[in-house]
Amino acid sequence: MEKPAEKQLNVFRDYLTSFVTFNNEEWSIFSEHLFLRKLRKKALFVESGRVCNEVGFILKGSARYFHVKDGEEVTTYFSLENDLVSSYKSFLTHQPSLLHVEALENTEMIVFSGASLQLLLTDERVNLKMERFGRMVAEATICCYEDRVFSFVTQTPEERYLQLLQSGSDIIHRIPQHYIANYLGITPVSLSRIRKRVVSPAHSFAI
C-alpha cells in the first residue's frame, strides 16, 4: 500500500492533538502503520455485511454513511475533510458492519488497521497514548451519536436543516441535495420548500 506524504501525515498529526499529543519517537512508531487509500467517487470504504478492518482520516473528499431498509437507502451521516470515518462497532467487535460508507467524491484518506492498533497497544513505547486515543475517539463517537438521536427525536426536519446551516459545515454546499433530504428524512421537494422558507426575509428576521 502507498505511504502518505510527510505533509499529509502532518495534517493527521495536527488533527490528533485534539485527542492526544505524540512526541517525535512515538509518532515515528505510529506513522509506520499509516497508509494512504484513494477511493473513486461512489466506491465503498465500508460494505454492509462485511467486517470493517480500518479507520480512515479524510484528507480530501467526502463520505456518506447509509444502510438499506426495504430496498431503500437511508442516509445516517456525512464525513468531510479532517473527519475520522469507519464502522466503529464493526471495527471494535469484528462483527459484520450494519452500514455502508461510500465516497461521494474522489477521496483520499490516511488509514490504519485493527491489526496495527492491536500491535501498537502492546508496544510499551506507545500503548498508553494509543489507549487514550482510542478512548477519546470512542467518547466523541458516542456524543455525536447521542446528538443525532436527540435531534431526530426532538427536532423537525426544518430545525435539523437550520442546525446544519448554523454549524458552518460545508455539508450544505458539498453534499447533493437528495442525500441531504434523505438524511433529514424528507423528500427533495420538501427540502426545496424548507430552503425557500429559510431564505425568506421573514424567516431570516426571526433567526
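The values are calculated or read from the model by the stated rules, or taken from the named source; none is laboratory data. Source: prediction; values computed, not measured. When we count neighbours, we look across all protein chains shown, and the Cβ atoms used for this are built from the backbone with ideal geometry, even at glycine.
Is it fair to say LYS89 is under 30 Å from ARG40 (Cβ atoms) and surrounded by 13 or more Cβ atoms within 10 Å (Cβ to Cβ)? Judged against the criteria, LYS89 is a match. A single entry from GLU72, GLU54, GLU6 fulfils the requirement of being without any contact (Cβ under 8 Å) to a residue 12 or more places away in the chain and more than 23 Å from SER151 (Cβ to Cβ): GLU6. Applying the criterion of being in contact (Cβ under 8 Å) with a residue 24 or more places away in the chain and in a loop (DSSP other than H, G, I, E, B) to the residues of segment 22-40, the residue that is surrounded by the fewest Cβ atoms within 10 Å (Cβ to Cβ) is ARG40.
Yes or no, residue by residue, for (1) at positive phi; (2) over 15 Å from the mean Cα position of the chain (by Cα); (3) hydrophobic (A, V, I, L, M, F, W, C); (4) surrounded by 18 or more Cβ atoms within 10 Å (Cβ to Cβ):
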position: PRO4; (1), (2), (3), (4): no, yes, no, yes
position: LYS7; (1), (2), (3), (4): no, yes, no, no
position: GLY49; (1), (2), (3), (4): yes, yes, no, no
position: TYR65; (1), (2), (3), (4): no, no, no, yes
position: PHE78; (1), (2), (3), (4): no, no, yes, yes
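Looking at LEU34, LEU80, LEU59, LEU84, which is the one that is within 24 Å of GLY185 (Cβ to Cβ), touching a strand residue (DSSP E or B) at 6+ places or on another chain (Cβ under 7 Å) and hydrophobic (A, V, I, L, M, F, W, C)? Of the residues listed, the single one that is within 24 Å of GLY185 (Cβ to Cβ), touching a strand residue (DSSP E or B) at 6+ places or on another chain (Cβ under 7 Å) and hydrophobic (A, V, I, L, M, F, W, C) is LEU80. The numbered conditions (1) aliphatic (A, V, I, L, M); (2) surrounded by 14 or more Cβ atoms within 10 Å (Cβ to Cβ); (3) out of contact with any strand residue (DSSP E or B) (no Cβ under 8 Å at 6 or more places or on another chain); (4) under 30 Å from TRP27 (Cα atoms) are all true for VAL137 except (3). Within segment 48-62, the set of residues being charged (D, E, K, R) and touching a Pro at 6+ places or on another chain (Cβ under 9 Å) comprises just one member, ARG50. Within the set PHE19, PHE12, PHE45, the sole residue that is among the hydrophobic types (A, V, I, L, M, F, W, C) and assigned to a helix (DSSP H, G or I) turns out to be PHE12.
Of the candidates ARG174, ARG193, ARG148, ARG197, the single residue that is more than 19 Å from VAL55 (Cα to Cα), touching a residue at least 60 places away in the same chain (Cβ under 8 Å), of a type in the set (D, E, K, R) and not assigned by TED's automatic domain parsing to the domain that holds ALA63 is ARG174. Of (1) buried (at least 21 other Cβ atoms within 10 Å of the Cβ); (2) under 26 Å from ALA181 (Cα atoms), ALA43 satisfies all except one. Which? Failing condition for ALA43: (1). Between PHE112, PHE152, PHE133, the distinction of being among the aromatic types (Phe, Trp, Tyr) and touching a Phe, Trp or Tyr at 6+ places or on another chain (Cβ under 6 Å) belongs to PHE133 only.
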